Each structure stands twice: as structure tokens, then as C-alpha cells.
Amino acid sequence: MTVVTYSEAWRSGLREEMNKDASIFVMGTDLQERGGHFSQVKGLAEEFGPERIRDTPISESAMVAAGVGSAMLGARPIIDLNFMDFAYGAMDEIINQAAKIRYMFGADLPLIIRATAGIALFGPQHNNSFESLFAAIPGLSVAVPYRPYDVKGLLKTSLRGSDPVIFIMHKKLTGAKGEIAGEDVFIPFGKARIAAEGSDVLIVTYGYSVEVASKAAELMKTEGVSVEVMDLRTVYPIDYEMVLQRAQDIGRVIVADEAPLFGSITGEIASTISEKLHSSLKAPVLRIGAKRVPIGANPQLVSASIPNVEDYQAAIRKVLTF
Amino acid sequence: MTEPGQAKDFLSQMILIREFETIAEGLTLRGKVPGGMHNSSGQEAVAVGVMAALKDEDAIASTHRSHHHSIARGMSTQSMMAELFTKSTGCSRGRGGSMHLVDLSRNYFGGNGIVGAGVSIAMGLALGIHILKKNSIAVGFMGDGAINTGRTWESINMAVIWNLPLLIVIDNNQYAVETFMDRVTGGKDFVARAKSFGMSAEVIDGQNVEEVYEATARARERILAGEGPQLINAVTYRYFGHNVGEVGKYRTQEEISDWKSNKDPIDNWISNLLAKKMITEDEISEIRENAKLEIGKAVEFAEASPFPDTNTVADDVDSGSLLRQL
Ligand SMILES: Cc1ncc(C[n+]2csc(CCOP(=O)(O)OP(=O)(O)O)c2C)c(N)n1
Ligand SMILES: [Mg+2]
């Protein structure tokens with residue numbers, strides 16, 4: 001298997017599919033010369049030309065609207081917003097248009113909106129955790145891959161599908177390396193995977209938090225605790241079959257991410273587990289998430305806003321006390 | 001013609017900005033500025049000329065590239081540098097960083113991380129001036145890249161139909177990240193576009209501080225005379241990469257050196273003043289020396305300041321005002 005970065009995995013999947021399907025094209029700011037702010041399409045403009053790797057003005061609502069219109073006509077647009085924070089300027093096009101077209105008109109809408117998100121530096125307006133917002137919108141599917149392997153596999157599925165996809169990649173994973181599969185591996189939405197096997201505590205998470213959870217799981221081995229880490233890969237749909245099965249088997253569950261706890265994906269999952277498995281759980285479902293604050297520029301404030309490995313360890317110890 | 005005192009002020013401010021940016025660039029490369037910064041070197045005359053023509057009561061909203069606007073508005077370079085370092089003594093208490101410099105006491109309503117957002121907020125400032133019956137204007141800065149955001153034109157249209165006291169200044173360095181303006185701007189003519197919206201507009205040499213000052217003063221007068229919103233397209237150039245540390249292939253070395261050697265706003269202003277015998281070489285050296293001292297102090301202040309107390313992380317998300325039983 002080939003080892004590439006998270007960004008290269010996107011490029012790899014994109015290149016393979018673009019070679020097969022001439023209706024796929026990408027648009028966004030600074031894609032041609034710069035290759036995107038995260039090098040996600042570096043070199044592809046030379047390969048596919050400026051018609052298929054299109055540079056746009058800084059016009060996010062028009063970009064997404066162009067995606068909606070061209071997708072309805074049968075093209076396969078990928079709108080690359082670079083930073084997910086710029087999606088705010090295109091919310092009507094995403095939520096009121098893209099998400100509802102099929103329900104209203106019965107039309108296919110093979111539109112992908114890709115952007116990098118997650119918490120890192122750059123201050124309040126470049127750090128938002130949007131996944132729960134998008135996942136809450138009927139009609140949208142939301143990919144949040146952790147491994148390069150899943151970036152590629154989920155992208156390829158998205159490009160063969162006929163529904164709008166919000167494809168969220170994490171800033172801190174941009175240069176992270178991992179294996180990718182070949183041409184024929186497609187990862188369906190709504191299928192989680194076990195990132196680390198365990199038997200005492202289950203952590204359900206996604207995106208960069210898979211890394212933090214896995215570190216915590218490793219550290220807890222010294223305390224004789226066996227932690228399982230589940231990587232959801234998509235937060236809509238959620239693989240409830242696997243979540244509920246493992247939750248039932250293990251009986252102690254933590255749901256974790258780095259979004260503010262209030263109104264988050266973790267709340268959705270925790271309540272579903274509690275509702276369905278109440279009597280078979282050994283402890284209440286715990287949650288790990290961020291404070292309800294904007295993300296400051298100062299790195300210490302950033303760390304104080306989002307959970308770290310110690311918070312995971314503390315939650316693991318706590319769920320074991322019941 | 002600018003009188004000698006003001007002429008020297010223009011020079012001092014432009015040199016202070018250049019010094020701030022030069023030192024801040026180096027500090028950013030050394031990891032002192034979390035998240036990095038957008039350097040405005042080359043664009044000093046736009047900031048200094050505009051701010052000099054404004055009054056204290058005028059209200060301003062800026063962009064992600066706003067160090068020069070902030071200094072020209074008279075902000076403390078210490079609180080600015082501390083903010084770049086994300087220290088608690090920074091103007092945004094370390095929460096905003098380089099993109100979000102602010103000084104409410106100077107009616108300077110902050111930088112912005114979202115392209116086009118500042119200029120739209122300036123339209124709101126202008127509406128506020130109108131509603132509150134103040135005798136002042138609002139100024140919104142934007143880049144050439146912001147010219148193609150929808151919100152910009154929604155705001156301009158509102159300013160025109162309501163005849164708001166709004167001045168828009170395009171700090172037009174001709175590139176948005178690595179994209180040359182002509183590649184993405186239909187019609188290529190910002191002034192014509194503004195005029196088609198019913199707004200008065202003119203293009204000026206953004207490297208000539210006096211021209212910027214005079215154009216701004218004229219626009220301000222027209223606005224106060226009730227002639228409606230005005231737009232100035234000030235053509236300028238950014239010497240460094242979009243973010244600190246970036247070197248791209250999107251523009252030629254010749255183009256960069258042409259702007260630096262032939263159109264530099266500071267060098268040109270100095271030649272102008274020397275030719276008119278409005279300044280001496282000694283005075284220029286003193287100005288440079290003072291700028292070095294001031295920025296040196298700003299760095300010392302920033303270095304010595306504490307980082308924000310992490311116990312305050314959740315403070316001020318809202319004020320709690322709605323929880324009170326009235
Ligand atoms: C809505 C939005 N889209 C994209 C970006 C990313 N971005 C930051 S600065 C910039 C270029 C802005 O160019 P311009 O307006 O000319 O200002 P300059 O950087 O040249 O000062 C872009 C695309 C953003 N901050 N906001
Ligand atoms: Mg520009």
C-alpha cells in the first residue's frame with residue numbers, strides 16, 4: 001500500500017475519479033497556482049487544466065450556488081472553500097438550496113463541499129466546529145475522516161453518489177501520513193471502524209479526536225484499562241448499528257469531540273445510546289467536548305477551550321467508577 | 001499643498017508602520033506570533049493618507065491586513081504588538097491576534113478575518129451615524145479581493161439607497177492571496193462598478209500619501225454635504241507574501257522590485273520633501289531613530305506581558321444582561 005499525507009489522499013482520490021469522469025470539476029479560490037490553502041489540489045491544475053480546476057473570486061455564496069446549479073444539470077462539482085469558516089457566507093445555498101433540492105424536486109444533486117476545519121491557531125473567525133450544524137440539516141451528509149485512507153475512500157464514494165456531501169478535513173491532520181488504498185476501494189457513508197480494540201470502556205469519536213482518544217487509550221493500558229476507540233468517519237449518517245452493538249458489549253461509553261458540548265454531535269449520540277440501551281449500560285454515557293466559547297488567538301486559551309489527553313483519561317477513570 | 005508639520009507627520013507614521021511590520025515579520029518567523037500575520041509593507045501611504053483626513057468622531061472598520069490602518073489611526077504600538085504575541089495586554093486581550101486589532105476608544109471597530117465583512121460593517125456604522133444623527137462619517141477598508149464578495153455590493157447598494165455617510169477605501173494591492181485582480185474581476189474596473197451602483201468613485205495613486213489624503217478629505221466633505229457614499233480605489237502594492245513566510249510564483253521579481261525601487265511611498269515622500277526643502281536629512285534620521293525606539297519598546301512590552309489567564313477563557317462570551325429580572 002502507498003503511504004501519503006491526508007492532503008495527498010484527497011488529491012489521489014480526486015485524480016483517479018477525474019480521470020474516469022469528465023463531469024467532475026473543482027472550484028474555489030487559489031486552487032491553480034497555490035494548489036489550495038492546504039495543498040489539497042497541488043499540481044492538479046497542470047494535469048487537468050483551468051476548466052476543471054477553476055479559480056474563483058472570493059464569492060462563496062456564488063460558488064456554492066454554481067455548484068447547486070451545475071450539479072442539477074448533471075455535472076459533479078466540488079466546491080473547495082479552503083477554510084470551513086467561509087461557509088457561513090454561503091449558508092443559504094448550502095442549507096436552503098443544496099440540502100432540499102432532492103426532497104422538493106426529486107433531482108439528483110451530486111455536490112461536494114470540501115473544507116478544512118477543526119481547532120488550531122488563526123483566531124476566532126478561522127476556528128469553528130460546524131459538523132453538528134451541518135449534520136442537523138436534513139438532506140446533507142457529513143464526512144469527517146481521520147485517516148488518509150478514509151479521506152480517499154469517502155471522497156470516491158461521494159463522487160459516485162448523487163447527494164450533497166459536506167466533506168470536513170481537520171487542519172491538524174493536513175500533513176499526517178498514512179496508507180491509502182488503490183483505485184477500487186470505496187468507503188460507504190455511515191460505516192464506522194474500530195481504531196483501537198478494547199473491552200472496558202468505549203470511546204466513540206471522529207476526526208482529529210480519534211488521535212487524542214487513541215493516545216488516551218494507549219496511556220490507560222498502564223492502569224490496566226482496555227479502551228476501545230471507534231472512528232465514526234461520517235457524522236451523518238452515524239453508524240448506530242455499530243455504536244449500539246459495541247456500547248452494549250462494553251457497557252461503559254464516552255462520546256467525544258472538540259466541538260462545544262452544547263448542541264453537539266456527542267449529545268445526539270449519547271442520548272440515543274441512553275434511550276436504546278438504558279438497562280444494559282454499566283454507567284451513564286459521558287461526554288467530552290469543548291467549552292462554549294469562541295476560539296481565541298492565544299494558544300493557551302485554545303488549549304483551555306478544547307479537551308486534551310488528560311481530560312480523556314479523567315473521563316475514562318470516571319466512567320469506571322460507576 | 002500639505003503644510004510642513006503635517007508633511008513630517010505623514011513621514012513619521014509611514015516609517016513607524018514600516019518599522020512595525022519589519023520587526024513583526026521577523027518575530028513571526030521566529031514563532032512569536034501565533035497564527036502568523038498579514039504584512040502591509042508597501043501600503044503605508046493608503047493608511048496614513050486616509051486616517052489623516054478623518055476626525056476622531058469618524059468610525060472605521062478594517063480588514064485582515066490592518067496593522068497599517070491601526071497605527072495610522074493612532075493605536076498604541078505596544079497594545080498592537082502585545083496582541084500579535086497574543087498577550088493579555090494586547091488590544092483584544094490575546095483573543096483576536098493580528099487579524100483582530102481594535103481600539104474602540106478611537107472609533108476603530110477592528111480588523112476582520114472574513115473578506116468583505118469589514119466594509120459591510122462600515123455600512124452599518126454609517127447607518128448608526130445616520131440614526132443617531134451624528135456629524136461624522138464611517139470608513140470601510142477592503143482589498144481588491146473583497147470587490148467580488150456579494151456582501152460588499154449588497155452593502156454598497158444599501159448605502160446608496162439610504163444615502164449613508166460611508167466612505168469605502170479599496171486598499172488595492174492588486175492581489176488576493178495569489179490571484180491577480182484582473183483574473184477574477186469582471187469589467188476589471190472597480191470605479192465603473194461602483195458608479196453603476198450609483199456611488200461616486202475615483203481611482204488614485206495609493207503610493208502618494210498626499211494624493212490619498214486629499215482624495216479622502218474631498219470625499220469626506222462631499223459625504224457631509226449630503227452627496228452620498230463615496231469610493232476611493234487606492235492602487236498600491238504589498239511587498240511580502242500574503243501570509244508571513246510565503247513566497248509564490250504568481251508575480252515576477254521584476255514587478256516586485258519595480259514597485260519597491262520606483263514607487264515606494266516612503267522613499268517618494270522623502271524625495272518630495274527634500275526637493276521642496278521641507279525636511280532635512282537630520283530630521284529624517286531622527287524620525288527613523290524614533291520609530292526604532294518606539295517599536296523596540298513595543299516588543300519589550302509584548303515580551304514582558306503575561307499570556308491571558310486561562311481561567312478567563314469563558315469570560316465575556318455574553319454579558320449576562322438578559323438574565324436579569326427587569
Ligand atoms: C469570506 C472569506 N473567503 C476567503 C477568505 C480567505 N482569504 C483571506 S485573505 C484573502 C485574500 C483577500 O484579498 P484582498 O481582499 O485583496 O486583501 P489583501 O489580502 O490583498 O490585503 C482570502 C481569500 C476569507 N478570509 N474570507
Ligand atoms: Mg489584495
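The values are calculated or read from the model by the stated rules, or taken from the named source; none is laboratory data. This one's a predicted model, so the numbers in the text were calculated from it and none came from an experiment. Methodologically, a virtual Cβ is constructed for each residue, glycine included, from the backbone with ideal geometry; neighbour enumeration extends over all protein chains shown. Ligands, DNA and RNA are stripped out before the accessible areas are found, and what is left, the full protein with its side chains, is counted by its heavy atoms. Shrake-Rupley method; radii C 1.70, N 1.55, O 1.52, S 1.80 Å.
Side notes on the structure shown:
- Bridge orientation summary for chain B: considering DSSP beta bridges with both residues in this region, about 10 percent are antiparallel.
- Alpha-carbon geometry of segment B:101-206: the Rg and the Dmax are 13.8, 42 Å, given in that order.
- Sorting B:His242, B:His67, A:His37 by solvent-accessible area of protein heavy atoms yields A:His37, B:His242, B:His67, largest first, with a 1.4 Å probe.
- Among the protein heavy atoms of the protein assembly as shown, carbon and sulfur supply 53% of the accessible surface, probe 1.4 Å, non-protein parts ignored.
- Residue among B:Asp144, B:Asp282, B:Asp258 with the largest mean-square fluctuation in a Gaussian network model of chain B, springs linking Cα atoms under 10 Å: B:Asp282
- Sorted largest first, the spans of the alpha carbon positions of chain A along the three principal axes are 59, 42, 40 Å.
- Only lysines eight or more places from A:Lys221 in sequence, or on another chain, were considered; those with a Cα closer than 16 Å are A:Lys318.
- Backbone N within segment B:103-127 under 18 Å of label point (7 Å from B:Glu246 Cα along the Cβ vector): B:112-117
- List B:Glu221, A:Glu47, A:Glu258, ordered by accessible area with a 1.4 Å probe, largest first: B:Glu221, A:Glu47, A:Glu258
- Helix content alone sets the calculated 222 nm mean residue ellipticity of the protein assembly as shown: runs of n ≥ 4 DSSP H residues at -39500 (n - 2.57) each, divided across all residues, give -12000 deg cm²/dmol.
- Cross-link partners for B:Lys195 among the aspartates and glutamates, with Cα-Cα distance under 17 Å and sequence neighbours closer than 8 places in the same chain left out: B:Asp144, B:Glu154, B:Glu227.
- Taken over the protein assembly as shown, the percentage of Cα pairs per 10 Å bin, counting from 0 up to the bin with the maximum distance, is 3, 15, 23, 24, 18, 10, 5, 1, 0, 0.
- Only Cα pairs under 8 Å and 6+ residues apart enter the sum, and on that basis the relative contact order of segment A:157-266 stands at 31 percent.
- Degrees separating the helix A:309-319 axis from the principal Cα axis of chain A, which is the longest one: 50 degrees
- Within the listed set A:Phe105, A:Phe134, A:Phe262, the residue fluctuating most in the Gaussian network model of chain A (springs between alpha-carbon atoms under 10 angstrom) is A:Phe105.
- Among the residues of segment A:30-56, those with an accessible-area drop of 30 Å² or more from chain alone to full protein complex, heavy atoms and 1.4 Å probe, are A:Asp30, A:Glu33, A:Arg34, A:Asp55.
- For segment A:193-319, alpha-carbon Rg relative to the globular expectation (2.2 N^0.38 Å, N residues): 1.00
- With each label modelled as a point 7 angstrom along the Cα→C-beta vector, the A:Ser271-B:Arg218 pair spans 6.1 nm.
- When DSSP beta bridges are restricted to pairs lying wholly in chain A, around 20% turn out antiparallel.
- Within a Gaussian network of chain A (alpha carbon springs, distance under 10 Å), most fluctuating of A:Arg147, A:Arg287, A:Arg114: A:Arg287
- Taking a straight line from the alpha carbon of A:Lys152, these aspartates and glutamates sit under 18 Å away, with near neighbours fewer than eight places off in the same chain left out: A:Glu8, A:Glu16, A:Glu17, A:Asp21, A:Asp80, A:Asp163, A:Glu179, A:Glu183, A:Asp184, A:Asp231.
- Interface B:A - total buried accessible surface [probe 1.4 Å, Å², rounded to 100]: 2500 Å²
- Cα-based Rg of chain B normalised by 2.2 N^0.38 Å, two decimals: 0.99
- All alpha carbon pair distances within segment A:1-153 were sorted into 10 Å bins beginning at 0; the resulting P(r) in whole percents reads 11, 40, 39, 10, 0.
- Modelled spin-label separation between B:Leu274 and B:Leu104, with each label point placed 7 Å from Cα along the Cα-to-Cβ direction: 4.6 nm.
- Projecting label points 7 angstrom from Cα along Cα→Cβ for A:Phe105 and B:Val317 puts them 3.9 nm apart.
- Averaging the sequence gap over all C-alpha pairs within less than 8 Å and six or more residues apart, then dividing by the number of residues, gives segment A:249-322 a relative contact order of 38 percent.
- Relative contact order of segment A:193-319, defined on C-alpha pairs under 8 angstrom at six or more residues apart (%): 27 percent
- Going from the chain on its own to the full set of protein chains, segment A:122-137 has these residues losing 10 Å² or more of accessible surface (heavy atoms, 1.4 Å probe, no ligands, DNA or RNA): A:Phe122, A:Pro124, A:Gln125, A:His126.
- Per residue, the Cα convex hull of segment A:141-191 amounts to 74 Å³.
- Share, in percent, of DSSP beta bridges within the protein assembly as shown that are antiparallel, nearest 5: 20 percent
- Taking Cα atoms only, the orientation of helix A:265-277 departs from the longest principal axis of chain A by about 50 degrees.
- In terms of distances greater than 25 angstrom between alpha carbons, the cross-link table entries B:Lys263/B:Lys292; A:Lys42/A:Lys156; A:Lys100/A:Lys276; A:Lys171/A:Lys191; B:Lys8/B:Lys297 yield A:Lys100/A:Lys276.
- Where trypsin sites (Lys or Arg not before Pro) in DSSP loops with at most 12 other Cβ within 10 Å are excluded, longest remaining stretch of chain B: B:56-132
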